[in-house]
Every structure is written in C-alpha cells, then in structure tokens.
Amino acid sequence: MEVILIKDIENLGYANDIVNVKPGYANNYLIPQGYAKSATTAAKKVLAENLKQRAHKDAKILADAQALAETIANLPLSLSVKAEEGKLFGTVTATDLAEALAAKGITVDRKQISVEAVKTVGEFEATVRLHKEVKATIKFSVSAAE
C-alpha cells in the first residue's frame, strides 16, 4: 500500500516521501497516529504542487544545515564526568552532548544525535543528523571530574 509520510520516520522515510508499506502497518499504525496519509491520485497531485513551491525554501534550509555541520565538526567538546580508574559512573548520552552543544550556543535536539555507549575516559565520536542529506560528526573527549 502506498502512503505519503507526514512526519520523518526512522528506517522508513522522510516527510513528503511516498513509500510502500504493508496495509496493516499503514491502516493500524501510520494513518491513525497521523504519521502518514493514503497516497491517492489527488493527494499525489497536491504533494507535487507543494513540493514545487517549497523547492527554493529547502535549498536555504540545506545550506544552513551544511554550515552548522561545518561548525559542529570543528568544535572541540570536552565533557567532565565522575569516574574512577578510567571507568565512568554511568554513561555519556545524547542528552549530555546536546547540553554541551547548547552551552557552546548550538541548539540540536538530542533525538538527532546518535552515540554509542561511552563508559570510559577518552576520545569519542558521535553523529548528528541535521538534515536528511547532511550528517555531522562530533568529536568529543571525556575526562574524569575532579
């Protein structure tokens, strides 16, 4: 069954994409939750017209995301966390990285950041999805708090 996505859905597609899904998934989850609508002929025509009108606006958003990606890639981040003998009490999460970026004046939603479990002191990397075509890599260091 073809549906038009209203919101970005991880591992399925981005908003305004037309995707094929199983009818049960569409009728029981995507459409009732407001994540998608049925891809009828009329809905496809409306979508095409809306996409045509938004093309130049999207170009500006993409340019802003690329500029932010360059800023984030060159930004040194350092997190100080309670640790003993190189092992952390807890983990460094996407929320911690979002707060560290916010302290530097960059607003990024924690849901856009993907980071592996960081449980030791050292140098690490995380990925930030700023746009469907732009991903940035954050290099950060974790040190033991005094």
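Rule-based calculations on the coordinates, nothing more; no lab input. If you're wondering where the values come from, they're calculated on a predicted model, not measured in any experiment. Note: ideal-geometry Cβ built from the backbone for every residue, glycine included; neighbour counts use all protein chains shown.
Using the Stokes-Einstein relation with a Kirkwood hydrodynamic radius computed over Cα pairs, the translational diffusion coefficient of the chain at 37 °C and a viscosity of 0.692 mPa s comes to 184 µm²/s. Put a plus charge on the Cβ of each Lys and Arg, a minus charge on the Cβ of each Asp and Glu, and nothing anywhere else: the dipole of the chain about its Cα centre is then about 700 debye. To the nearest 10 degrees, how steeply does helix 41-73 sit against the main Cα axis of the chain, on a 0 to 90 scale? Rounded to the nearest ten degrees, it is 20. Across the options Thr120, Ser78, Val108, the greatest Cα extent toward the positive end of the charge dipole of region 69-144 (unit charges at beta carbon of Lys, Arg, Asp, Glu) belongs to Val108.
With the helix formula -39500 (n - 2.57) applied to DSSP H stretches of n ≥ 4, the chain reaches a computed 222 nm mean residue ellipticity of -10000 deg cm²/dmol.
From the square roots a ≥ b ≥ c of the eigenvalues of the alpha-carbon gyration tensor of region 7-78, which class results: rounded (a/c under 1.5), prolate (a/b over b/c), or oblate? Verdict is oblate for region 7-78. A dipole drawn for the chain from +1 and -1 charges on Cβ atoms has a positive end, and of Leu5, Leu88, Thr137 the residue lying farthest that way is Leu5.
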